[in-house]
1. Select from segment 62-130 those trypsin sites (Lys or Arg not before Pro) which occupy a DSSP coil region and have at most 15 other Cβ atoms within 10 Å, ordered by residue number.
2. Give the separation of the Cα centroids, segment 366-398 to segment 627-655, in Å.
3. Given a Förster distance of 41 Å, report the FRET efficiency between His239 and Asp396 from their Cβ-Cβ distance, rounded to the nearest 0.05.
4. So, with +1 on the Cβ of K and R and -1 on the Cβ of D and E, and no other charges, what is the size of the charge dipole of the chain about its Cα centre, to the nearest 20 debye?
5. Using a Förster radius of 41 Å, what is the FRET efficiency between Arg203 and Gln603 based on their Cβ-Cβ separation? Nearest 0.05, please.
6. Mind pulling the angle between the C-alpha long axis of helix 498-515 and the longest principal axis of the chain? Nearest 10 degrees, somewhere in 0 to 90.
7. Round to the nearest 10 and give me the degree value, 0 to 90, for the angle of helix 25-40's Cα axis relative to the longest principal axis of the chain.
8. If you wrap a convex hull around the Cα atoms of segment 527-585, how much volume per residue is inside, in Å³?
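Nothing in this text is a laboratory measurement; each read-out follows from the coordinates by a stated rule. Nothing here was measured: the structure is a model prediction, and the numbers come from that model. So basically every Cβ, Gly included, is an ideal-geometry build from the backbone, and we count neighbours across all protein chains shown.
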Amino acid sequence: MAGADAPGLAELIAHEPDAALGNGGLGRLAACFLDAMATLGVSAFGYGLRYEHGMFQQMIEDGRQVERPDDWLRHGSPWELIRPELRYEVGFGGQVMEEAGRRCWQPSETIIAQAVDFIVPGHGTSHVCTLRQWNGQASRPIDFEAFCRGEHLASAQHLHSAEAVNWVLYPDDSTPAGRELRLRQEYFLCSASVQDMLARHVRECGDVRSFGQRNAVHLNDTHPALAPAELMRLLIDAHGLEWDEAWAITQQATSYTNHTLMPEALEAWSLSLFAGMLPRHMEIVYEINARFLAEVRARFPNDEERVRRLSLIDEHGERRVRMAALAVVASHKVNGVSALHSRLMVETLFADFAQMWPGRFLNITNGVTPRRWLMQANPELSALLDAHIGPAWRRDLGALAALRTPAGTAGHPIRAQFLAAKLAAKTRLAALIAREIGLVVDPASLFDVQIKRIHEYKRQLLNVLHVVARWQAIVADPTRDWQPRTVVFAGKAASAYFAAKQVIRLIHDVARVVNHDPRVGGRLKVAFLPNYGVSLAEVIFPAADLSEQISTAGTEASGTGNMKFALNGACTIGTWDGANIEMAQAIGEEQFFVFGLRTEQVQALREQCYQPGRFIDASPALQSVLDALADGTFSPGEPHRYHDLVRTLAERDPYLLMADFDAYVATQHEVDRAYADRDGWARRALLNIAGMGPFSVDRTIGEYLERVWAPPAP
Ligand SMILES: *Cc1c(COP(=O)(O)O)cnc(C)c1O
């Protein structure tokens with residue numbers, strides 16, 4: 001084999017497309033989980049669908065996002081292993097009959113789920129985990145007679161219908177056809193995966209009755225929440241168990257992680273769609289609900305309002321099945337993903353459930369894999385760590401705490417070495433920025449980075465408002481010694497999410513003005529890197545000086561990007577939200593740049609009928625930023641382009657940007673002052689790294705093993 005420097009290998013790696021299987025943080029978390037479970041030697045499978053077109057490929061044309069299908073499997077994938085012997089039938093539609101006293105589902109359509117395995121190797125072990133992805137195939141060949149009659153399309157219609165489950169990740173669910181395909185995908189995933197788990201269990205243990213003692217079925221959000229209903233169906237209809245025994249097994253096996261409190265993100269399927277596609281599961285959900293609500297009525301007599309709130313069926317408007325409620329009722333444990341999120345989960349979204357079963361709810365804070373996000377992505381920093389604290393951090397991230405002493409010692413060489421490693425990573429990113437978007441940036445400038453899905457609650461817009469304020473301040477006082485900054489953005493907006501797409505457009509409009517303004521003299525540059533994904537992230541995280549984690553307090557469940565940044569020696573400017581809080585506590589709050597309203601203050605302001613205009617009136621700087629957006633300074637060809645955006649901020653501002661603006665800008669000035677002291681900054685960055693031990697995904701998986709997946713005591 002050629003040496004590591006062989007140009008052939010590096011080139012080959014650069015050409016390999018990212019697996020387009022995920023959407024953002026949730027899928028990336030699952031990938032980190034598989035890495036940790038392989039490394040820790042846990043016997044685990046990740047189950048998913050083998051999407052042909054996963055997340056779209058993002059292009060920028062004329063400052064606007066354009067979506068192109070991501071054909072990541074076009075040249076095949078050398079890593080996947082087709083398992084022709086692993087095939088299961090999955091049914092849809094039809095009706096439920098009564099046969100010899102038992103319910104018997106006769107689907108009107110069946111498709112085959114064919115397994116395709118991806119192997120995930122652990123670090124420093126021969127153990128691997130498997131990501132098993134399902135491919136939909138027609139259960140019968142083309143209709144030969146119809147084909148011979150010349151009805152070519154009609155003869156193969158069922159082939160399309162079977163394969164459609166794999167066409168795209170997250171079909172647009174704003175249409176009935178999109179919602180139907182999405183529910184088909186979810187059931188297809190659940191049915192194939194539960195059949196596979198049951199088959200393996202029976203093969204190894206002989207008896208389905210011990211399934212719950214020997215298996216954990218973990219629901220990573222509600223997309224697989226049909227799994228417990230499918231397990232009930234198979235245990236009762238296929239294996240002949242009685243309801244109570246099947247339910248005990250199902251609850252013993254099932255657990256659920258909630259990833260968002262946002263009401264618009266909670267899945268609910270209309271009863272007509274659900275019952276038409278899954279008539280037997282409809283009966284099972286009704287039965288689960290009837291038994292559950294009887295329990296509620298026994299515990300809380302004469303409280304029909306509570307019964308309505310808890311019911312698995314939402315009776316407001318069109319009746320719908322609430323998937324999060326199904327997941328909670330079917331699980332023995334339900335967790336949130338940061339301390340704040342888990343507290344809000346039991347105080348708000350699941351308050352009534354937590355009153356019923358307080359012991360069911362817990363917190364397990366997310367983590368990231370140091371193998372990908374430090375060892376692989378940042379060779380310079382990894383070498384520095386090895387030299388000072390040895391190589392153990394790869395499997396024991398707590399070892400990073402040993403950095404505290406050298407980092408805190410004045411004159412210790414580690415500080416200058418850290419700055420050199422950081423400069424190397426920044427130089428690599430600067431080259432990528434030049435190559436991708438033709439912008440020249442100075443690696444010596446402060447790299448201020450916000451990379452994540454574009455979403456209003458994540459507040460990329462607040463970041464842009466600060467950029468505009470800084471530009472105005474530089475222009476007003478060009479001779480001051482402004483700290484040079486490069487502000488980097490990357491992220492995809494959902495294709496139908498207009499407000500998020502406007503933010504991408506605004507970033508490009510602001511960049512065009514700021515980057516070419518001679519009065520700025522290169523002291524402020526704005527770069528938007530298209531097509532954010534894991535490969536791009538691996539170049540960007542190591543190069544960041546400042547990590548932007550500025551969601552409205554109470555909205556970001558955990559965040560994991562925040563962890564990747566700090567692990568790579570970026571300091572955080574952030575709100576008191578999600579895992580930022582626990583990171584600040586572990587690292588030392590004085591090493592964090594915290595600003596803005598806290599969750600309780602956000603709640604209070606909203607209850608008092610928040611008036612953003614008051615904050616605008618009180619801040620001349622904010623006023624002049626909004627004026628510049630509204631008067632077409634950044635969109636001279638179309639001066640009204642941002643009118644609606646500014647009006648929304650002035651009138652409703654649902655994510656409280658106006659309330660946090662002044663504090664944000666003031667804290668950015670603090671960042672400038674801290675960064676100017678290079679040695680002090682190196683100390684701060686190293687202390688950030690030193691505190692990141694608890695945010696290894698290995699710790700996260702260890703907690704799931706002990707607190708959620710542990711077999712029940714005999
Ligand atoms: C880590 C990561 C995310 C999640 O980022 P957040 O800042 O936590 O939202 C999303 N996408 C990719 C590619 C990531 O690596």
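1. Hits after loop and neighbour filter: Arg74.
2. 44
3. 0.45
4. Numbers: 70 positive and 85 negative charges, 224 e Å.
Computed charge dipole of the chain: roughly 1080 debye.
5. According to the calculation, E is roughly 0.20.
6. 20
7. It is inclined by approximately 80 degrees.
8. 92
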